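In what follows, a structure is listed as C-alpha cells, so that the remarks can point back to it.
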Amino acid sequence: MEIIVQKFGGTSVGSVERIKRMAQHVIREKQKGKEVAVVVSAMGDTTDHLTKLAGEITAHPPKREMDLLLSTGEQITIALLTLSIQEAGFKAVSLTGRQAGIRTDGVHGKARIKGIDPSRVREELHRGIIPVVAGFQGSTDAGEITTLGRGGSDTTATALAAALGAERCDIYTDVDGIYTTDPRVVPAATRIPHLTYREVLCLADSGAAVIHPRAVFHSKKSRIPFRILPGLIKGEGTLVDDHIHINDRGPVGVAFKDEVASISMKDAAYGLESLLKESLEVIHVKPDLHWKGQDLTLTVDASDRSDVEHLLRDLGQEYSKKMEQAKVTIVKSPGSDILRFGVRSTLGDSGIDVSSIHEDPEKVTALIGSEDIYRAADVLHTFAGLDVSGAKRVVR
C-alpha cells in the first residue's frame, strides 16, 4: 500500500472555500491510486484569536489550560475538511492527535513526540477511508492534552509519515517552496527546487520560517522525503531528501531571526557547556553556544530567555545579557569559501554593527541589532552570490 501524507496549513485552510479547494488536492491523490492520510493546522488566525481570548481573562494562563484551548483550533479544521471530502463522494474520518495515536512528553506548550501508534490510521486506510488528523497536538501517557509549539503541524505530518512508512510527505503552505531567503524581504531571492535534509535543517535552525527543525528531524531520521508546495497556486515547490547535490561548494541561503537574546559568561568553568545543553534539552530550549577564549556565549529565542536565566541562577553562574538582538546566517556547503571575515566586512561596509560573529563548517552567523535585520539579509544575500539565479544544483 503506497501512502502519501498531505499537510495543509496557513492561508490554504484560512476559509471554508479554501478548505474545499484543499479537499480537491486530497481527492486527486486518492484518484491516482494512492492511500492518503491528511494532517491539518488551525484555520487562519484561529490560534492567535484563542490566545487573545485567554489574555482577556488572565495575563499568565497556565500552559496546561492553554494546550486544551489551542488544541480546539485544529479540531475545527479536521471536521470541516472531512465534511468537504465526504461531500465530494469520498469516505473520510477526522481524528484528534490522541485518536491518531500521537504520544508526547509532558512539556506543555512545546511538547515533543515520543512515538506514534499508527494502528488506527492504518485501519482507516485499509478500509478505504481518508484519515484527517489534527496537527500540533498529542497526549501524554497519562492522557493529558499537549501542543507541539511553533511548526507543530508540520512536525505531526513528518512524524506520521515516518510511522506509516509513507512514500513521501507533501506540505502545502503559503509559499511555493523554499527560497534562498525570504522573498518578501529580498525580492532577488530565488526558489530552490531541491535540498538535502542537512541543508534545510540548518536553514530552519537559523531562522528560516518555512518549516520547523523538528519536522525536518523526523524526515531525516526516517529518510522519507518531503515537499514544500503552494496550496493556492500552481508551483513545483521544493523537494527535500537525502540525495547529495553538486552546487560548486557554494552558499545555500540566508536565514535570519529576530528577537534573540545573547547571554555571556566570563571565565566559564570546564563542563559548563555540556551541563547547559543537557539542562536546557529537558525543557526543549536549543541554544547556540560559542566560545571565545575562556568566555562562553549562548543565544536563544527571546521567549526562552527567562528559562535560561532561571537555570543560570540555580547554577550560581554569573552572566550578562543583551536583548533586542537579531541573528543573520549564511548557510553554506562544507568547504565553501564564505568566511566570517568577509561577512563582518560586508556588514560593516553597509554601516551595520556586528556584536559577534561565529563560523562552523555549515554556516556563518552574525549577531546584530534588530533594526538592521532586513538590510543585513539583503546585503549578505548579494555578498553570497545568491541574487539572480542562486547556485546550480544537480542530483548526483
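Points to keep in mind about this one:
- Scanning the range 323-353 for residues that are surrounded by 19 or more Cβ atoms within 10 Å (Cβ to Cβ), of a type in the set (A, V, I, L, M, F, W, C) and part of a strand (DSSP E or B) yields Ala326, Val328, Ile330, Val331.
- For the condition over 29 Å from Gly235 (Cβ atoms), in contact (Cβ under 8 Å) with a residue 12 or more places away in the chain and of a type in the set (Val, Ile, Thr), Ile129 qualifies.
- Any hit, the range 275-284, residues being out of contact with any His (no Cβ under 6 Å at 6 or more places or on another chain) and either under 20 Å from Ser153 (Cβ atoms) or in a loop (DSSP other than H, G, I, E, B) (or both): yes
- Criterion (surrounded by fewer than 18 Cβ atoms within 10 Å (Cβ to Cβ), touching a Leu at 6+ places or on another chain (Cβ under 7 Å) and not small (Gly, Ala, Ser)) met by exactly one of Val39, Val5, Val16: Val16
- Residue count for the range 250-289, restricted to those that are under 30 Å from Ala384 (Cα atoms) and charged (D, E, K, R): 5.
- Residue within the range 278-299 that is closer than 29 Å to Val379 by Cα, surrounded by 15 or more Cβ atoms within 10 Å (Cβ to Cβ), of a type outside the set (Gly, Ala, Ser) and touching a Phe, Trp or Tyr at 6+ places or on another chain (Cβ under 7 Å) present: no
- Qualifying residue in the range 153-160 (condition: in contact with an Asp or Glu (Cβ under 8 Å, 6 or more places away or on another chain), modelled with pLDDT of 95 or more and within 24 Å of Leu70 (Cβ to Cβ)): yes
- Residues satisfying the stated conditions in the range 329-384, i.e. charged (D, E, K, R) and closer than 11 Å to Val254 by Cβ: Lys332, Lys363, Asp378
- Selected residue (only one of Arg21, Arg28, Arg98 is in the same structural domain as Ala162 (by TED's automatic domain parsing), assigned to a loop (DSSP other than H, G, I, E, B), at negative phi and out of contact with any Gly (no Cβ under 6 Å at 6 or more places or on another chain)): Arg98
- Considering the conditions (1) in contact (Cβ under 8 Å) with a residue 40 or more places away in the chain; (2) surrounded by fewer than 12 Cβ atoms within 10 Å (Cβ to Cβ), Gly271 is excluded by exactly one of them, (1).
- Scope the range 102-150; condition within 17 Å of Gln6 (Cβ to Cβ) and assigned to a loop (DSSP other than H, G, I, E, B); matching residues: Pro118, Gly128, Ile129, Gly135, Phe136
- Checklist (1) farther than 26 Å from Glu324 by Cα; (2) buried (at least 19 other Cβ atoms within 10 Å of the Cβ) applied to Val260, failing item: (1)
- Of Thr77, Thr58, all but one fail to be in contact (Cβ under 8 Å) with a residue 60 or more places away in the chain, on the phi < 0 side of the Ramachandran plot and of a type in the set (Val, Ile, Thr); the exception is Thr77.
- Picking from residues in the range 264-300 that are of a type in the set (A, V, I, L, M) and over 24 Å from the mean Cα position of the chain (by Cα), the one that is nearest to Lys322 (Cα to Cα) is Met265.
- Taking the criterion of being surrounded by 18 or more Cβ atoms within 10 Å (Cβ to Cβ) and either in a helix (DSSP H, G or I) or not assigned by TED's automatic domain parsing to the domain that holds Arg28 (or both), the residues of the range 74-93 that qualify are Glu74, Thr77, Ile78, Leu80, Leu81, Thr82, Ser84, Ile85.
- Count of residues meeting criterion [closer than 23 Å to Ser139 by Cβ and in contact with a helix residue (DSSP H, G or I) (Cβ under 9 Å, 6 or more places away or on another chain)] in the range 46-77: 16
Results for (1) part of a strand (DSSP E or B); (2) modelled with pLDDT of 95 or more; (3) over 14 Å from Thr299 (Cβ atoms), shown as yes or no for each residue.
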{"residue": "Ile357", "(1), (2), (3)": "yes, no, no"}
{"residue": "Asp372", "(1), (2), (3)": "no, yes, yes"}
{"residue": "Ala376", "(1), (2), (3)": "no, yes, yes"}
{"residue": "His381", "(1), (2), (3)": "no, yes, yes"}
{"residue": "Asp387", "(1), (2), (3)": "no, no, yes"}
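Condition check ((1) touching a residue at least 40 places away in the same chain (Cβ under 8 Å); (2) among the acidic types (Asp, Glu)) across all residues:
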site	(1), (2)
Pro187	no, no
Glu199	yes, yes
Ala209	no, no
His212	yes, no
Ser219	yes, no
Arg227	yes, no
Gly235	yes, no
Val240	yes, no
Val252	yes, no
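- Failed condition for Ser119, given (1) touching a His at 6+ places or on another chain (Cβ under 9 Å); (2) under 27 Å from Leu83 (Cα atoms); (3) surrounded by fewer than 21 Cβ atoms within 10 Å (Cβ to Cβ): (1)
The values are calculated or read from the model by the stated rules, or taken from the named source; none is laboratory data. Owing to the predicted nature of the structure, the values given are computational and were not obtained by experimental measurement. Reconstructed Cβ throughout: ideal geometry from the backbone, glycine too, with neighbour counts over all protein chains shown.
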